[in-house]
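Here's the structure, in structure tokens; my notes come after.
The values are calculated or read from the model by the stated rules, or taken from the named source; none is laboratory data. Small disclaimer: the values here were computed from a predicted structure and weren't measured. Positions of Cβ are generated from backbone atoms using ideal geometry, with glycine treated the same way; all protein chains shown enter the neighbour counts.
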Amino acid sequence: MDFDLIVIGGGVNGCGIARDAAMRGFKTALVEKNDFGSGTTGASSQMIHGGARYLLSDVQTTKLSSIDSGYIQKIVPHLLFRIPFIFPVLRKPDKAELPQKLYFEALETYFETYDKYSALKNGKPHTRLSKDEALALEPDLVEDMIGAVTFDEWGIDSFRLCLANVLSAVEHGCEAYNHAEVTEILKEGGRVIGVRVKNLLDGSRRELRAKLVFNAAGPWVPQIAAMAGCELKLRPAKGVHLVLDRRITNYAIMAKAIDGRSIFLMPYQNTTVIGTTDDDYFGDPDEIPILEDEVEYLLEGVESVFPRVREARVINAWAGVRPTLYRRGPYEDDLSREHEIFDHEFRDKLPGFLSIAGGKLASYRLMAQEAVDAVCHKLGRVSPCRTHQVPLPGGERKVDPELLARDYGVPLFAANRLVYRHGSRAIRVLEMLKERPTLGNVICQCEPVLECELRYAIRHEWARTLGDLRRRTRFSIGPCEGTRCFMMGAQILGEELDLSPAEVYAQLNAFMEKSWKGRAPVLDGASLQQEELCSSVYFNVGNLDQY
Ligand SMILES: Cc1cc2nc3c(=O)[nH]c(=O)nc-3n(C[C@H](O)[C@H](O)[C@H](O)COP(=O)(O)OP(=O)(O)OC[C@H]3O[C@@H](n4cnc5c(N)ncnc54)[C@H](O)[C@@H]3O)c2cc1C
């Protein structure tokens, strides 16, 4: 056997399992068909929250997520950002049967209960705001409100969270492969003994063998299980988010969509994010369509509490599929976010094969711990989990962006972002300036990203495509839609990976096609004008249509 354990799927659960297993001394391989975090994890709302909305239907999930969120905050402090929420109480309550005053009281009681869980994840207790207080914080909130309730959540960059887990796993001896698709589950003597993998960038194939194979493929879990001859059903639910071209509030704001579902708007990095829908999804998780209706549903809902929302430009939309456990009956919103580990030896008489599904980003570490406990049990090894104690790469100590900006001569706004993404490892990135001071140039101005960070991601973080660079650095994701930087990014990728001009153009085209999928559903008004401008730069300046 090459390995003790092969993990299929580089979402947050697979990356977390790979790290935990490698830290416990298992010889581990992680195989991801696209890029780390590129599946559901990257399409999430990026919150490590307890989930106030699960309080009534699924309190155990709220509790476990809050506890695990507390641990995640300790091991990766640099990747966090606080999200204080305002929940406006409108004059006409949506629960019309409740008198106005009672509705406000009920809402406050609800958040009083949530406070108990929120404390586990370092959330501040809720407060009750008068209308004037709420408007002082967010002057563009709807006038027709009697007051508001606040509560406190934490956000995280889920792509970098995955990557931090992969870096740690590899530093503990794991072999990690992105752009490597599992095409077959290998069996021998009635048990699973490994996987056949195809490298999607160069077409090469290889076999990896292990004592155990763990299927952590999120919404693709049923597909991987089927490769092994097992039937495993999920109840996948699609969620869509919109991205606005800038921050339009200081606080996150809760709203009710037209059907009464809770949705939100939150400032996220240099943009604003609106989310999310939650609908049963029976389609292909690789090709999730975003409908104009879904865009309108979200905008219309937010408009009810923040009427000026349409003054901002919607620049993008993303969609993901929740790998929720199978239940027949409940509405999508009421589906439990619990997780489950499936041991196919007992379930399907197929030793050597396990699957994991369900759960939340906020409880990924705990899920990984349980998964690797199961691995220990099966392989007869006793080794305690330490992932709640040992910081992830970059989380070891605090660094001061001001000092870095001064010492390395880079703009403070860029140093701030570098430290957010890399923590203490920002120093390693900036040390590249010794090679050439121009590596300190700002390449992407929207977010902002330095040239050295792009090169670092290629050399040390497995970035092989422009999409990988975008996920690691947020390069080319801002309101200019990459017009100012994505060709420079492609040139850097070409230099670092020694690509031919034709390969560089292939990268550009693939990147544009992918970006287009997120932009097409939101093209309207000012977005349409911007699109025309970008197209003319791509095609007339970059001559992209000739390749
Ligand atoms: C819209 C939305 C919002 C959400 N918001 C939140 C939130 O704010 N907070 C929270 O706690 N949770 C949230 N969640 C839930 C959370 O995102 C998921 O529970 C979590 O990301 C699932 O991670 P995963 O690793 O199981 O799946 P994924 O991230 O999907 O990872 C599975 C990976 O397997 C790979 N794969 C598939 N097939 C193969 C193959 N053949 N070979 C190799 N690799 C393969 C895929 O490419 C993918 O990267 C949200 C989910 C959605 C959809």
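Residues that are touching a strand residue (DSSP E or B) at 6+ places or on another chain (Cβ under 9 Å), part of a helix (DSSP H, G or I), modelled with pLDDT under 95 and surrounded by fewer than 21 Cβ atoms within 10 Å (Cβ to Cβ) occur at least once in segment 318-338.
Taken residue by residue, segment 167-185 has at least one member that is over 30 Å from LYS131 (Cβ atoms), over 23 Å from the mean Cα position of the chain (by Cα) and surrounded by 19 or more Cβ atoms within 10 Å (Cβ to Cβ). Scanning segment 14-35 for residues being away from the ligand (no atom under 11 Å from the Cβ) and either part of a loop (DSSP other than H, G, I, E, B) or hydroxyl-bearing (Ser, Thr, Tyr) (or both) gives a total of 5.
The strands (runs of 3 or more DSSP E) falling completely within segment 105-206 that include 1 or more residues that are within 16 Å of the ligand (Cβ to nearest atom) and closer than 26 Å to MET367 by Cα map to 145-156, 175-177, 180-188, 191-199. The residues listed here are ARG471, ARG519, ARG484; of these, the one that is closer than 18 Å to ILE458 by Cβ and either out of contact with any Lys or Arg (no Cβ under 7 Å at 6 or more places or on another chain) or assigned to a loop (DSSP other than H, G, I, E, B) (or both) is ARG471. Restricting attention to segment 390-411, the residues being surrounded by fewer than 19 Cβ atoms within 10 Å (Cβ to Cβ), within 24 Å of SER65 (Cα to Cα) and in contact (Cβ under 8 Å) with a residue 60 or more places away in the chain number 2. Restricting attention to segment 412-460, the residues that are under 20 Å from GLY494 (Cβ atoms) and buried (at least 24 other Cβ atoms within 10 Å of the Cβ) total 9. The number of residues in segment 25-48 that are touching a helix residue (DSSP H, G or I) at 6+ places or on another chain (Cβ under 6 Å) and over 22 Å from ARG206 (Cα atoms) comes to 8.
Keeping to segment 37-73, report how many residues are within 11 Å of the ligand (Cβ to nearest atom) and not in a helix (DSSP H, G or I). Of the residues in that region, 15 qualify.
All of LEU533, LEU528, LEU499 fail the test of being outside any helix (DSSP H, G or I) and farther than 30 Å from VAL419 by Cβ, apart from LEU499.
As for segment 192-213, it holds at least one residue that is crowded, with 20+ Cβ neighbours inside 10 Å and among the charged types (D, E, K, R). Screening LEU466, LEU508 for residues that are at pLDDT below 95 and buried (at least 19 other Cβ atoms within 10 Å of the Cβ) leaves exactly one candidate, LEU508.
Each row is one residue, and each column tells you yes or no for (1) more than 16 Å from the chain's Cα centre (by Cα); (2) surrounded by 22 or more Cβ atoms within 10 Å (Cβ to Cβ); (3) closer than 22 Å to PRO323 by Cβ.
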site	(1), (2), (3)
ILE253	yes, yes, no
LYS256	yes, no, no
GLY260	yes, no, no
PRO267	no, no, no
ILE274	no, yes, no
ASP280	yes, no, yes
ASP284	yes, no, yes
PRO289	yes, no, yes
ASP293	yes, no, no
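In segment 481-504, the residues that are without any contact (Cβ under 8 Å) to a residue 60 or more places away in the chain form Cβ pairs under 9 Å with partners that are among the β-branched types (Val, Ile, Thr) and surrounded by fewer than 15 Cβ atoms within 10 Å (Cβ to Cβ), at six or more places apart or across chains, as follows: MET487/VAL541.
May I ask you to verify whether THR249 is more than 15 Å from the ligand (Cβ to nearest atom), in contact (Cβ under 8 Å) with a residue 60 or more places away in the chain, under 19 Å from GLU153 (Cβ atoms) and in contact with a Lys or Arg (Cβ under 7 Å, 6 or more places away or on another chain)? For THR249, the condition - more than 15 Å from the ligand (Cβ to nearest atom), in contact (Cβ under 8 Å) with a residue 60 or more places away in the chain, under 19 Å from GLU153 (Cβ atoms) and in contact with a Lys or Arg (Cβ under 7 Å, 6 or more places away or on another chain) - is not met.
Quick one: is GLU461 within 30 Å of ALA317 (Cβ to Cβ), in contact with a strand residue (DSSP E or B) (Cβ under 9 Å, 6 or more places away or on another chain) and not aliphatic (A, V, I, L, M)? No, not satisfied. Residue check: ALA368 meets all listed conditions (1) touching a residue at least 40 places away in the same chain (Cβ under 8 Å); (2) touching a Cys at 6+ places or on another chain (Cβ under 7 Å) but one, namely (2). A count restricted to segment 223-244 and to residues that are away from the ligand (no atom under 16 Å from the Cβ) and either assigned to a strand (DSSP E or B) or within 19 Å of the chain's Cα centre (by Cα) (or both) stands at 1. Put simply, of SER363, SER336, SER355 the only residue that is within 13 Å of the ligand (Cβ to nearest atom), among the hydroxyl-bearing types (Ser, Thr, Tyr) and under 20 Å from THR277 (Cα atoms) is SER336.
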